[in-house]
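J.: This is the structure I have questions about; it appears just below.
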Amino acid sequence: MTHATDVPASTAPPAPTRPPEWLDLPDGFALRRRTVADAPEINDAVIRNLEHLRPWMPWASAAPSLAHSTEMTRVGSELWEQGSDFLYVLVAAERPERIVGMFGLHRRIGPGGIEIGYWIDQEHTGRSLATNGSAALTGAALDLADVERVEIHCDEANAASAAVPRKLGYRLDRIVEVPGEAPAETGRKLIWIQQRPAG
């Protein structure tokens, strides 16, 4: 990759305002932009992972209807176009219609920052997919013109999620006391940060 500092300022391309719609990952997986056409498969993926997600995701308390999943994908597509949230599905590159996880970049942490969220299909855990996907999104996020820091938030008890930013060299910036919203949450939220490299 060529960074802006590697070429004269007059010929440096402008930094992007949106991340790529497709990001290749190791081992034949990829992140691709989520679309409204994904709604049925997303609905199936959430339903088959409800028990896996319920301890940590407040929205996983009940099975979503297809209409709900369709509306969420429609809103997500609008947010991408607006530049506020960038939602991805995790797929095997040879089966891009089969969803085995979800990722997102969310502009909800204030100016200069973007937050990564993720979950992995229960049958695909333990394969570094959350780590590899978050690594790709960290790089894509820090390439954006207005992003100076990337954050990952997780409950203190969620050891699997906390392992991801730790492996990627994020710094544990602080622990914030918040009301627990999902059954397994302690209410102690870990805030992990990776800054844009100086220069």
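J.: Just name one of Ile99, Trp59, Leu137: the one whose Cα is farthest towards the positive end of the charge dipole of the chain (beta-carbon charges, Lys/Arg +1, Asp/Glu -1).
T.: Leu137
J.: Now a separate question. In deg cm²/dmol, rounded to 500, what helix-only [θ] at 222 nm does the chain give when every DSSP H run of at least 4 residues adds -39500 (n - 2.57) and the total is split over its residues?
T.: When only DSSP H runs of four or more count, the value is -8000 deg cm²/dmol.
J.: Calculate how many DSSP beta bridges within the chain are antiparallel, expressed in % of all such bridges and rounded to the nearest 5.
T.: That works out to approximately 90 percent antiparallel.
J.: Could you tell me which of rounded, prolate or oblate describes the stretch 16-61, using a ≥ b ≥ c as the square roots of the eigenvalues of the alpha-carbon gyration tensor, with rounded for a/c under 1.5 and, failing that, prolate when a/b is larger than b/c and oblate otherwise?
T.: prolate
J.: Note the listed values (1) 17.0, 55; (2) 18.4, 60; (3) 23.1, 73, then indicate which one is Rg and Dmax of the Cα atoms in Å calculated from this particular structure.
T.: Correct label, based on the coordinates given: (1).
J.: ³J(HN,Hα) across the stretch 21-33 via Karplus (A = 6.51, B = -1.76, C = 1.60, θ = phi - 60°), whole Hz, x for Gly/Pro?
T.: In residue order, the calculated couplings are 7, 9, 10, 6, 10, x, 6, x, 9, 7, 9, 10, 4 Hz.
J.: What percent do you get for the relative contact order of the chain when only Cα pairs under 8 Å and 6+ apart count?
T.: 19
J.: Heavy atoms only, probe 1.4 angstrom, no DNA, RNA or ligands counted: give me Leu50, Leu66 ranked by accessible area, highest first.
T.: From most accessible down to least: Leu66, Leu50.
J.: Also, I was wondering about something else. Assigning unit charges at the beta carbon (Lys, Arg +1; Asp, Glu -1) and nothing else, what dipole magnitude in debye, to the nearest 20, does the chain show about its Cα centre?
T.: Roughly 320 debye, rounded to the nearest 20.
J.: Let me ask another. What is the percent carbon and sulfur in the accessible area of the stretch 111-175, measuring with a 1.4 Å probe over the protein chains and ignoring ligands?
T.: 48
J.: In terms of the Cα gyration tensor, with a ≥ b ≥ c the square roots of its eigenvalues, is the stretch 37-139 rounded because a/c is under 1.5, prolate because a/b exceeds b/c, or oblate?
T.: rounded
J.: Pairing the Cα long axis of helix 129-142 with the longest principal axis of the chain, what angle in degrees results, from 0 to 90 and rounded to the nearest 10?
T.: For helix 129-142, the angle is close to 40 degrees.
J.: Using a probe radius of 1.4 Å on heavy atoms only, what accessible surface per residue do you get for the chain? Whole Å² is fine.
T.: Heavy-atom accessible area per residue stands at 51 Å².
J.: Let me ask another. So if I place +1 on the C-beta of Lys and Arg and -1 on the C-beta of Asp and Glu, and nothing else carries charge, what would the dipole magnitude of the stretch 119-199 be about its Cα centre? I want it in debye, nearest 20.
T.: 360
J.: Next question. Taking 0.36 nm per residue of separation and subtracting the Cα-Cα distance, what length does fully extending Arg18 through Ala145 add?
T.: Stretched out fully, the Arg18 to Ala145 stretch lengthens by 44.8 nm.
J.: Residue by residue through the stretch 181-192, which ³J(HN,Hα) values in whole Hz follow from phi under the Karplus form 6.51 cos²θ - 1.76 cosθ + 1.60 (θ = phi - 60°), with glycine and proline marked x?
T.: The phi angles translate into 10, 10, x, 8, 6, 8, x, 9, 8, 8, 10, 9 Hz.
The values are calculated or read from the model by the stated rules, or taken from the named source; none is laboratory data. Nothing here was measured: the structure is a model prediction, and the numbers come from that model. Cβ atoms come from the backbone with ideal geometry, glycine included; neighbour counts cover every protein chain shown. Protein only, heavy atoms only, side chains kept; ligands, DNA and RNA dropped before computing areas. Shrake-Rupley method; radii C 1.70, N 1.55, O 1.52, S 1.80 Å.
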